[in-house]
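**Student:** Let me begin by handing over the structure; questions about it come next.
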Amino acid sequence: QVQLVESGGGLVQPGGSLRLSCEASGSIFRFNAMGWYRRAPGKQRELVASISTRGNTNYVDSAKGRFTISRDNAKNTMYLQMDSLKPEDAAVYYCNTYPPVLSYWGQGTQVTVSS
């Protein structure tokens, strides 16, 4: 059974940083591109960043230059380093394969950006 567990969210002031982690069970990491997604209140879930099995990365325009996605296949863990956070980054952040698999969605981790 595949399970993805996100952690690392919290409350941060504008301009601050957070590092999110995604731990996966099974062999999901080794054979799949992975992605970080987010859902802000009143909005649809959107892809924030993706990383291929070889480490090639892509970002939504709003995250370019501020967020860094990475993965450690040996630890079955993916990360999202978020710097220069803005209030509009506030959302619940999820990890999943890229493209996502419906049954893999976890609880997510809440990111709040506020002074």
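The values are calculated or read from the model by the stated rules, or taken from the named source; none is laboratory data. These numbers come from a predicted model, not from an experiment. Cβ sites come from the backbone with ideal geometry, for glycine too, and all protein chains shown count toward neighbours. Heavy atoms of the whole protein, side chains included, go into the accessibility calculation; ligands, DNA and RNA do not. Shrake-Rupley method; radii C 1.70, N 1.55, O 1.52, S 1.80 Å.
**Student:** Round to the nearest 0.05 the FRET efficiency obtained for E23 and R54 when R0 = 22 Å and r is the Cβ-Cβ distance. The partial results should precede the final answer.
**Tutor:** On the way: r = 21 Å, r/R0 = 0.95.
For R0 = 22 Å, the calculated efficiency reads 0.60.
**Student:** Strictly greater than 13 Å: what percent of every Cα pair in segment 47-93 meets that? Spell out each step's value before the answer.
**Tutor:** Details: 624 of 1081 pairs.
So the pairs more than 13 Å apart make up 58 percent of the total in segment 47-93.
**Student:** How far, in nm, would the chain grow between E88 and V101 when pulled straight, counting 0.36 nm per residue and subtracting the alpha carbon separation?
**Tutor:** Working: separation 13, 0.36 × 13 = 4.68 nm, distance 2.59 nm.
Extra length from E88 to V101 when fully extended: 2.1 nm.
**Student:** Distance in nm between label sites at Q3 and E46, each 7 Å beyond Cα in the beta-carbon direction?
**Tutor:** 3.2 nm
**Student:** Further question on the same structure: List the trypsin sites (Lys or Arg not before Pro) within segment 8-115 that DSSP assigns to loop and that have no more than 14 neighbouring Cβ atoms inside 10 Å. All intermediate terms of the calculation are to be shown ahead of the outcome.
**Tutor:** Numbers: sites: R19, R30, R38, R39, K43, R45, R54, K64, R66, R71, K75; in loops: K43, R45, R54, K64, R66.
For trypsin sites (Lys or Arg not before Pro) across segment 8-115 that sit outside H, G, I, E and B with at most 14 neighbouring Cβ atoms in 10 Å, the list reads K43, R54, K64.
**Student:** Evaluate the charge dipole of the chain about its Cα centre and quote only its size in Debye, nearest 20, assuming +1 on the Cβ of each Lys and Arg and -1 on the Cβ of each Asp and Glu.
**Tutor:** Values: 12 positive and 8 negative charges, 31 e Å.
Roughly 140 debye, rounded to the nearest 20.
**Student:** Separate question: What FRET efficiency, computed as 1/(1 + (r/R0)^6) with R0 = 25 Å and r the Cβ-Cβ distance, is obtained for Q13 and D72, rounded to the nearest 0.05? Could you put the intermediate results ahead of the total?
**Tutor:** Working: r = 28 Å, r/R0 = 1.14.
Efficiency, rounded to the nearest 0.05: 0.30.
**Student:** Right, here's the next one. Computed over the Cα atoms of segment 10-68, what is the convex hull's projected area averaged over all directions, in nm²? Working shown, then result.
**Tutor:** Details: hull surface 21.0 nm².
With the hull built on Cα positions only, its mean projection is 5.2 nm².
**Student:** Here is a further query. Please give every one of the lysines within straight-line cross-link reach of K86, meaning a C-alpha to C-alpha distance under 27 Å, and leave out same-chain neighbours fewer than 8 residues apart.
**Tutor:** Straight-distance partners of K86: K43, K64.
**Student:** When the gyration tensor of the chain is built from Cα positions, what are the square roots of 5 times its three eigenvalues, in whole Å, from largest to smallest? All intermediate terms of the calculation are to be shown ahead of the outcome.
**Tutor:** Numbers: eigenvalues 99, 41, 32 Å².
Sorted largest first and rounded, they come to 22, 14, 13 Å.
**Student:** Another one. Considering only protein heavy atoms, what per residue accessible area in square angstrom results for segment 40-97 with a 1.4 angstrom probe?
**Tutor:** Numbers: 3020 Å² over 58 residues.
Computed with neighbouring chains in place, this is 52 Å² per residue.
**Student:** May I pose another question? For the chain, which whole-number percentage of the solvent-accessible area (1.4 Å probe, protein heavy atoms only) is attributable to carbon and sulfur atoms?
**Tutor:** 45 percent
**Student:** State, as an integer percentage, the relative contact order of the chain based on alpha-carbon contacts under 8 Å between residues 6 or more apart. Spell out each step's value before the answer.
**Tutor:** On the way: 279 pairs, mean separation 42.9, N = 115.
The value is 37 percent.
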